[in-house]
1. Name the residue that is nearest to Ala365 (Cα to Cα), counting only residues in segment 389-430 that are assigned to a helix (DSSP H, G or I) and charged (D, E, K, R).
2. Can you spot a residue in segment 466-482 that is of a type in the set (Phe, Trp, Tyr) and either at pLDDT 90 or above or assigned to a loop (DSSP other than H, G, I, E, B) (or both)?
3. Helices (runs of 4 or more DSSP H) wholly in segment 199-305 with at least 3 residues that are over 30 Å from Asp175 (Cβ atoms) - which ones?
4. Can you tell me which of Asp507, Asp551, Asp546 is acidic (Asp, Glu) and touching a residue at least 12 places away in the same chain (Cβ under 8 Å)?
5. Condition test on Asp189, is it surrounded by fewer than 20 Cβ atoms within 10 Å (Cβ to Cβ) and within 28 Å of Leu297 (Cα to Cα)?
6. Take segment 314-332 and flag every residue that is surrounded by fewer than 16 Cβ atoms within 10 Å (Cβ to Cβ) and of a type in the set (A, V, I, L, M, F, W, C).
7. Of the residues Leu488, Leu455, which is over 21 Å from Leu517 (Cα atoms) and under 25 Å from the mean Cα position of the chain (by Cα)?
8. List every residue pair whose Cβ atoms lie under 7 Å apart, where the two residues are 6 or more positions apart in sequence or sit on different chains, the first residue falls within segment 556-582 and is in the same structural domain as Leu603 (by TED's automatic domain parsing) and under 19 Å from Leu528 (Cβ atoms), and the second residue, located anywhere, is at pLDDT below 85 and among the polar types (S, T, N, Q).
Amino acid sequence: MLAVALSVALIALPAHATRKPPHKAVHRPKPLPAAATQVPAPNLNAAPSLQDISNFASAGAPNLALQFIDRDQPDFEMDPEGWMAWERERIYLYRFTRDWQAVIARTAKLPVNLGADFRSWEQARAADAWLQLGKGREARAILRRLIWNPRTPLDDTTLSQLRQLVVRSYLVDQDLADAQTAVIRYRQDYPKDTGDWPLLEARLFLRTGQPQAALDTLRDSRGPDARMLTLLAALRAGTEPAAKVTQQAEKLANNTKLPVAQRVHAWYVIAQAALAANDPVAHIQALQAGLGLQPGLLDQDPVFGITPGMLWDAYLNYGEELGNQLQLVVGDDQSWFLAASNRYDTKPVRACALFTVVAFNAHSAQQQAVAHWQFASLIQKQKNGGVVLRHLYLDSGRFPAIAGIPPEVRYLLVNDVLAMPDIPLASKLMQGLDRPPPNTDPAAWQLQRAHVFILGGEPDAGIAALDQLFASGEPVDPGDVLPVLFDLQTIGRNRAAIPFFQALLQDQLTSDQQRQLLFWIADSYKALGNYAQAAELYLRSATLTDPYAMDNWAKSARYQAAQMLAKAGYIEDARNVYQGLLNATSDPGQQALLRHDLQALMLMPAKPAAVQP
């Protein structure tokens, strides 16, 4: 092809500005030794099987697996058994990715003729999803329909499982009285039940302040969940010292083979043991460790759940305790700042606690903002600090709206969120942050804002940030600006991109850089349908340094110009440009392409379009 890749363009761009990744050498893996058992070669022309899709998820690509399920799940009317097998895998993947809303939404899309048993199974999964979201009432609405539906009689095993979910729903809603009633009735109907029921009953005893009853219930239960319930019950009943509980819970918390939720529960037990041992630092560190393990949705477990509010309260309580020890007076902000600064590097938990008191109690809003920034900076430096920071400021009742988060903290959150990346959230965080953070180049900050706004679905805000940058008179490196202008072109905002390209042309540029900018401006006019203007700019790009130039860049620009001339109705001009390229080309493939294009011109009427302003 005559069109050369823009990655060989002449402006020296940073790596992130190029439109195509640089060529990388392919290192072929060494052949594996022959297996003892031969397996048939996979048929790459066939769609992935359900087992293949399950393997994709196991290999770490559940979202890819879901894409294949969306595409290839059998039609229910044609293959009901196959549809149900794929549907089970779908629900498993939703649960694996903690997409509880997707589990719930799926129940509204079930086939009309679906059997009662499978429909009940999927609705039970939806009820569990509501519980995972902390919505007990919504879960009970589904469970009541399942339990009391006369058209779907339930076997004892299924009924007992649903009734256990009902108990969980009361616990989630903090309705302990109804939970106790449900437990009593369950025990009357299933006196010999084993399995997970003792765990659920123990949870209720812990919630109602009966740790010894929980221990009695858990006497014969095994497994990590039972172990953590036992440790918490023993701690509260006083049958095990806090140090021993901590030691055993730490083994579970640091066991990377356990699910994240169980490790979070173990950190909750450690935090409670630290409280019992009157060790506020260990208490804070345990809560922080548990929050830091959860980059996404927080675990909603009513017994073991760790919330950002718990950590805020722990920091405030400890900060006030330290202030009393140091005889600091609330309102004397400078003394608090000095005490915190003296501990900044050596005792970060103590420093954070002191900063927290100032952050929420200082008389001056400016002093509060500075304290929040110091606190957030310290948190961010610690293990999983970015995750903890997001939970504290984005998932806490102390900051119900992003606008209420101090700007200094939002600057830190933006960088963390961009690294995830979560562009829409970064865009929301950047709203109103017109000035750059301290020690940040103003031009680089405005470019980052523009990039985030454009990709985050707020292109007008991105264009406004670019306007602000160009109006400021700050020196701008074209190589830094071009990626943002490419963003505008990608989302179809070519009319807005053109003035910025033109502004860059006014800088002191080499002729090669000017050729490149002319080419990209022509791309925008091409996208707008202004083919005559695009043809002019492509030709300018080709002939800027030499009217007869036929280097690779000139050939690419001339080829684009010929296409635009043809679309604009300048058939003879297009033929001349194509012929000139044909005369300068020796490659047989390129010659064949040009001859094809010349042949196509014979079918196009010559109707020159007026040149648009």
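1. Glu408
2. No; the residues of segment 466-482 include none that is of a type in the set (Phe, Trp, Tyr) and either at pLDDT 90 or above or assigned to a loop (DSSP other than H, G, I, E, B) (or both).
3. Where helices (runs of 4 or more DSSP H) fall fully within segment 199-305 and carry at least 3 residues being over 30 Å from Asp175 (Cβ atoms), they are 242-253, 280-292.
4. Of Asp507, Asp551, Asp546, the one residue that is acidic (Asp, Glu) and touching a residue at least 12 places away in the same chain (Cβ under 8 Å) is Asp507.
5. Answer is no for this residue.
6. Within segment 314-332, Leu326, Val329, Val330 meet the criteria.
7. Going through Leu488, Leu455 in turn, the sole match is Leu455.
8. Close Cβ pairs satisfying both conditions: none exist.
The values are calculated or read from the model by the stated rules, or taken from the named source; none is laboratory data. Note that the coordinates shown come from a computational prediction; the quantities given were computed from them, not determined experimentally. Counting neighbours? That spans all protein chains shown, and the Cβs are built from the backbone with ideal geometry, glycine included.
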